[in-house]
Amino acid sequence: MEHPGAESPGGGSSSGGGSTSSTSSQEGEEPESPGGPGPEEEEDDEAAAAASPATYAMMEDCLLKKIEISVAEAEKRTGRNAMNMQETYTAYLVETRAVESQAEGQCSPPDSLWRRYSEFELLRNYLLVNYPHVIVPPLPEKRAEFVWHKLAADNMDPDFVERRRIGLENFLLRVASHPILCQEKIFNAFLTKEGGWKETVNETGFQLKADSRLKALNATFRVKNPDRRFTELKHYSDELQSVISHLLRVRARVADRLYGVYKVHGNYGRVFSEWSAIEKEMGDGLQSAGHHMDVYAASIDDILEEEEHYADQLKEYLFYAEALRAVCRKHELLQYELEMAAQDLTSKKQQCEELATGTVRTFSLKGMTSKLFGQETPEQREAKIKVLEEQIRDGEEQLKAKNLESRDFMKSAWTDIERFKEQKNHDLKEALISYAVMQISMCKKGIQVWTNAKECFSKM
């Protein structure tokens, strides 16, 4: 499945960030309403897009060049929640260490602090609100999903907590390596300031800037001219989520059956061992073959535990699909607000023209009122025209600002989408190759077990 950014409509996938706002905006309106950028603006966009990979390469890992970040361990704790009720939760030890001190040969202890999963959620929500044009890395799952039936789905299970620890560390590394997010002061405070960090975040008032779900849903259904690339990206994210979900379900079913196949080999071992007890000449060979079967049967637990780590890599991109949709929803909301501003401006200009000429082009309540109760005096019309002219000037400024905001968002968002596309292709390729290598290794072990058993039988 190809990412929609590979062939973006109307030109290069990054360079179209500014130009597409013209086509999705109100073409053919007044000069102030959203219109297509001229050739010079398109050239500027293309130049910026061409330079962006180099710029990103220079900024990439800027924070990770200064500090090492890890989630070193997880600890089960009990305490009181906001309702003053006893609860059990897991705390994670976040460690940071300056890279310079290690380069100079100093072995200073790392700075460390404890964080709960809810604090990671608060950090991500803050980033989502303040960086709507960025594909914010997802957190690992809060509760186990797509697991094979022998694996515990309890969120306090030690194996699950360990995998979530790895996922939380990966989240921090993703943010720290992002050229924009890594510079956020709240993120840096998350790594270094244990006491009062939550209060600092809440004092920013970021929740007030968050778009309501109802508002976003309304924009999704009522927007008239969304950018085609974002529409395709939204469909792609749905398909990506569907494909990875199916892949994870298939893997879980295969793991269930594989577990059974391996464990059945333990029956071979038991039978061969029992058989060896009643044989003299063949006893040693049967006993050795039974031992190989027992070892093979026991190895499946480690194999499937390793498989879960590959599954977690796929799950990360399952959750990334929602991050992609969040960017698309923000675009739809901005485009809807732009269209409403243009529509409101057009309506006010029409009202002003009707008052000035005394003609009513369309049916309106005001027109009926005038017919029933007589025309307004010239002074009243003049006062209304002045008010409308002032509103039109404000509307033109607002439309210009909305147009600029929309174009800036699209340009920034598409640059980050291109960065994400490269990351996704690299990560999923590596994960699938590693998974294939593990499967090949597993098959080789099975062949080796039966080869050893054959040698044991040959020596009988």
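The values are calculated or read from the model by the stated rules, or taken from the named source; none is laboratory data. Everything quoted here is computed from the prediction, not taken from an experiment. Cβ coordinates were reconstructed from backbone atoms using ideal geometry, including for glycine residues, and neighbour counts include every protein chain displayed. Protein only, heavy atoms only, side chains kept; ligands, DNA and RNA dropped before computing areas. Shrake-Rupley method; radii C 1.70, N 1.55, O 1.52, S 1.80 Å.
Quick notes
- Checking every residue in the range 224-231 against the condition of being in contact with a Phe, Trp or Tyr (Cβ under 8 Å, 6 or more places away or on another chain), open to solvent by less than 60 Å² (accessible area, probe 1.4 Å), closer than 22 Å to Glu339 by Cβ and not β-branched (Val, Ile, Thr) gives at least one match.
- Enumeration of residues in the range 420-460 that are touching a residue at least 40 places away in the same chain (Cβ under 8 Å) and of a type in the set (Phe, Trp, Tyr): Phe420, Tyr435, Phe457
- Only listed residue being within 18 Å of the chain's Cα centre (by Cα) and surrounded by fewer than 19 Cβ atoms within 10 Å (Cβ to Cβ), chosen from Glu162, Glu169: Glu169
- Any hit, the range 433-446, residues being within 18 Å of the chain's Cα centre (by Cα) and within 29 Å of Leu233 (Cβ to Cβ): no
- Cβ-Cβ distances below 8 Å connect no pair with a first residue in the range 191-211 that is more than 21 Å from Ile69 (Cα to Cα), a second residue that is of a type in the set (A, V, I, L, M) and open to solvent by 60 Å² or more (accessible area, probe 1.4 Å), and a separation of six or more residues or different chains.
- Hey, Ser237 among the polar types (S, T, N, Q), open to solvent by less than 40 Å² (accessible area, probe 1.4 Å) and within 15 Å of the chain's Cα centre (by Cα) or not: yes
- Residues that are of a type in the set (A, V, I, L, M, F, W, C) and either over 23 Å from Thr415 (Cα atoms) or touching a Ser or Thr at 6+ places or on another chain (Cβ under 9 Å) (or both) within the range 193-232 comprise Trp197, Val201, Phe206, Leu208, Leu214, Leu217, Ala219, Phe221, Val223, Phe230, listed in sequence order.
- For the range 209-217, the criterion of being over 30 Å from Tyr336 (Cα atoms), open to solvent by 40 Å² or more (accessible area, probe 1.4 Å) and assigned to a helix (DSSP H, G or I) is met by none of the residues.
- When every residue of the range 393-412 is checked against the conditions, none turns out to be at pLDDT 90 or above, over 26 Å from Leu345 (Cα atoms), in a helix (DSSP H, G or I) and open to solvent by less than 30 Å² (accessible area, probe 1.4 Å).
- Between Glu281, Glu274, the distinction of being farther than 30 Å from His133 by Cβ, open to solvent by 10 Å² or more (accessible area, probe 1.4 Å), outside any helix (DSSP H, G or I) and charged (D, E, K, R) belongs to Glu281 only.
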